[in-house]
Structures are given as structure tokens and as C-alpha cells.
1. For the range B:171-222, give me the residue count where each residue is touching a residue at least 40 places away in the same chain (Cβ under 8 Å), surrounded by fewer than 17 Cβ atoms within 10 Å (Cβ to Cβ) and within 22 Å of the chain's Cα centre (by Cα).
2. The conditions are (1) within 14 Å of another protein chain (Cβ to nearest Cβ); (2) buried (at least 18 other Cβ atoms within 10 Å of the Cβ), and residue B:142 fails exactly one of them. Which is it?
3. Tell me whether the range B:68-88 contains one or more residues that are within 20 Å of residue B:299 (Cβ to Cβ), touching a strand residue (DSSP E or B) at 6+ places or on another chain (Cβ under 7 Å) and part of a helix (DSSP H, G or I).
4. Could you please tell me which pairs satisfy a Cβ distance under 7 Å, a separation of 6+ or placement on different chains, a first residue in the range A:38-49 that is part of a loop (DSSP other than H, G, I, E, B), and a second residue that is at pLDDT below 90 and surrounded by fewer than 17 Cβ atoms within 10 Å (Cβ to Cβ)?
5. Can you work out which of the residues in the range A:133-150 that are over 14 Å from the mean Cα position of the chain (by Cα) and exposed (fewer than 14 other Cβ atoms within 10 Å of the Cβ) is nearest to the other protein chains (Cβ to nearest Cβ)?
6. In the range B:48-61, what count of residues is obtained for those that are touching a residue at least 40 places away in the same chain (Cβ under 8 Å), assigned to a helix (DSSP H, G or I) and in contact with a strand residue (DSSP E or B) (Cβ under 9 Å, 6 or more places away or on another chain)?
7. Quick test of your reading of the structure: residue B:284 fulfils all but one of (1) under 30 Å from residue B:4 (Cβ atoms); (2) surrounded by 14 or more Cβ atoms within 10 Å (Cβ to Cβ). Name the failing condition by number.
């Protein structure tokens, strides 16, 4: 019964990608980061759905869209637990857990206004590290400042 | 195999223990024999996009003692930067005219970027609030010279431990040698947790204090810093802490014989002038050591000393 209700909430797509297991509070962030508000295809968005793994989760289904590796890196930054499910003709053809990259190149803006990357034409570069509490942080190659995931702005 | 030749120096973490000791050893040679004309025929570019007294003059003095020539500018107003030239273009142009570039720039990370685009090595003479590795090396030189070692010292760091970049670099570098850190600061200017993590990761200990008098009896080094008004977002906050620590001569009565007082300078009022004549005051000699260290770096990077 429970499964059936979940399916009713978010409609299936014929061809495209499902991003599942997004932490509920980050669902809208994933949506805006991928510029889905500008999409002309069907996009289904659900959040605060029950999840054994995350407590509350979000899910986004995007018709006719398959992600490139750099887009998957972006998703991993905001939703490190996400699963990507690629669908063709209602069949699952590929299911993958996103993987956090060790570094990200030119997809994130440095939070430090005095960083050279915000003042000259310098592509940004960050290492993904964990702080002493185990939280994920981005370390700028240039200004050597770390920033929290919540401060991340995409270029 | 330690190789310093043709390597830029952007951040103190670019060097490990061996590289640091190598530079200090070469610097010691220059302290004993400063005028060695090994840089004859070489041109060093000195690009100071913002003002500096000690760093710029000691670099230029280092080049002169070595018999080299200097080109460059002491502020960005006299260069094409004023016409809107990018940092990349300035560096590429100047690298055509010189064998090595010494640069200070107000943007954080500008030195790393310059080192990536420049075909000649770059020495970072301060990139905004980020790194100032030659200051760190001259601090290490001064500590080793006055204590005879860099290993296992009792190091007291005093004042602005939050924003002071020299403090952060010094903690990073001394962590390679096994110090115990005594951190004296107001509550609002404590050492950032990321920097404390380096100490812990190196398996070392630190202790935090709010009173300067507590650390004086056992410290080998007291590293004083200026509380920098320009780093404070809130001027009220600065007013509260600006006079928090003032070292006076009478406070040094029960200190260790080998204690030395260091300060990256400029000082405002955090070391009273009556300390200057105490043999434990070392900050002006420390600034002088900067010339030997910079001679050593230039010579090593150009492959003229090994």
C-alpha cells in the first residue's frame, strides 16, 4: 500500500533521469542548480517523502535528460547520497550512486570576495575535504579558504 | 632529494622540513658572508601592488647584496595595472624581462595564479590575507638562531590569532618540528579550529590563555602580533580588544634566560618601548634576518646555491 501511494505522488517518466535520495532540505537546491525552472520538458518534483536511508528525502524526475559527468559532480556536491536512475521507455537502463569528486573545476564560485578568482579571469578549482567534525568542505586552490557546502554558489 | 631550483614559493606548505632547513642553512651562510656577488647579470622583478616597508626593502636589499639588478614598481599606480591590465598579462610581460618575480598583491590567491602563468619562478611576498611564506621562513630562522633548534620548543603566540596570517603559517611550519603551543588571545580572536587541527594532526599539544602573564615564566619564544583594525568587520569589536595585550619590560622579570620576544612588525603599542633595550627583545634582529633568508631563497631558486 505504502509503495503504491508514493508512486501516485510522483508520476513515472518515459525517458529521462530520476534523481532519488536527495536530502529533503536540498531538493529545491538541486532543482535550481540544474536550472530546471527553465526546462521545457516534463519535470516532477517531490520532497519530504519518507525514506529509510535519509528520514525525509526528495526526488526529481526529468524527462528527456541524461546528465554529463560534470553535472553529476554538481549533483554530488549538493546531494552526496543521491542515486541517478536512467530510464528509456519506462525501463531502468542504469542506476548509479553519485560519487563525490576529489576536486571540482570551474563549477563553483569562491565565497571569498577577495579571492583572485573573483577579481581576475581565473577558472576556480577546489579540493573536497572533510573538516575536524567530518563535514564536507571545499578548499580553494588559490585563496586557500575553506567553505561549507551551504555557502556553495554555482557558476 | 631536495630541489628548490626553479620552484616558485607561494605558501609555506609548498616546503617540507628538509626544504625549510635547507633554506635556513643557506641563509646562515649569508649571515656570515653577506656580500657574495653571485647574482651578477641576473634581473629580479619586484612587483609590489600594495605598500610594504620591510618586505620590499629587504628583498631589494637582498638582491643588491648579491650583486643583481632590480626592476619593478612599489605601488600599482605606476604600472599598467592602472590602465586595467590583468594580472596575467602583467606577469607574462614582466617574465620576459626578468629571471625571477617577487610579488605582493592584495588579492588572496594571486601568487598561486601568478606562479601558474609565469614561465619564471615566483616568490610570494604576501597575497592579501592569505600567505606570506618568506615572513614565516625568517621567523623560523630567528627561532632556530636564538634557541639553537626548532625542535620541541615552548612557543607562545599572542594577540590576533584569528586573522594573523603569520601566526597560521608559523603554526603550520613549527608543527613539522614538534613544538608545544601556548595561545594567548581574547575570546573573539582565538586561533581558528582549522589551524588547531594541524597541531592535533601533528600529534602536538596546545593550551589556550587569556592572560599574557601566564605564559611568560616558561616560554622559549613569545611571538607578539598586532591586532589589525583593518581586519575587523565591526569597529566596536576592534575597540574592545585593541589594547588587550601590551608587553612591558617589568613583566619579563621571571622569564627564562633563553626567552626571546619576536614580532613580525610593524608594532603599534603591543610591545612597550622599554622592552627594546632588554636583551630578550629580538624583533629588530628578526627583521634583519629577513635579508639573509631572502638572499638564500633567491640564490636557491635560481640554482646558485645548493
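The values are calculated or read from the model by the stated rules, or taken from the named source; none is laboratory data. Since the model is a prediction, treat every value here as computed from it, not as a measurement. Please note: Cβ atoms are built from the backbone with ideal geometry, for glycine as well, and neighbour counts cover all protein chains shown.
1. So the answer is 0.
2. Status for residue B:142: all satisfied but (1).
3. no
4. Sorted first by the residue in the range A:38-49, then by its partner, the list stays empty.
5. So, considering only residues that are over 14 Å from the mean Cα position of the chain (by Cα) and exposed (fewer than 14 other Cβ atoms within 10 Å of the Cβ), the one nearest to the other protein chains (Cβ to nearest Cβ) is A:133.
6. Taking the range B:48-61 as the starting set, the residues that turn out to be touching a residue at least 40 places away in the same chain (Cβ under 8 Å) are B:48-50, B:52-56, B:58-59, B:61.
Restricting the remaining residues to those that are assigned to a helix (DSSP H, G or I) gives B:54-56, B:58-59, B:61.
From what's left, in contact with a strand residue (DSSP E or B) (Cβ under 9 Å, 6 or more places away or on another chain): B:55-56, B:59.
So the answer is 3.
7. That leaves (2) as the condition not met.
One line per residue, one yes/no per condition, for (1) farther than 30 Å from residue B:216 by Cβ; (2) modelled with pLDDT under 95:
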residue: B:268; (1), (2): no, yes
residue: B:272; (1), (2): no, no
residue: B:286; (1), (2): no, no
residue: B:292; (1), (2): no, no
residue: B:295; (1), (2): yes, no
residue: B:305; (1), (2): yes, yes
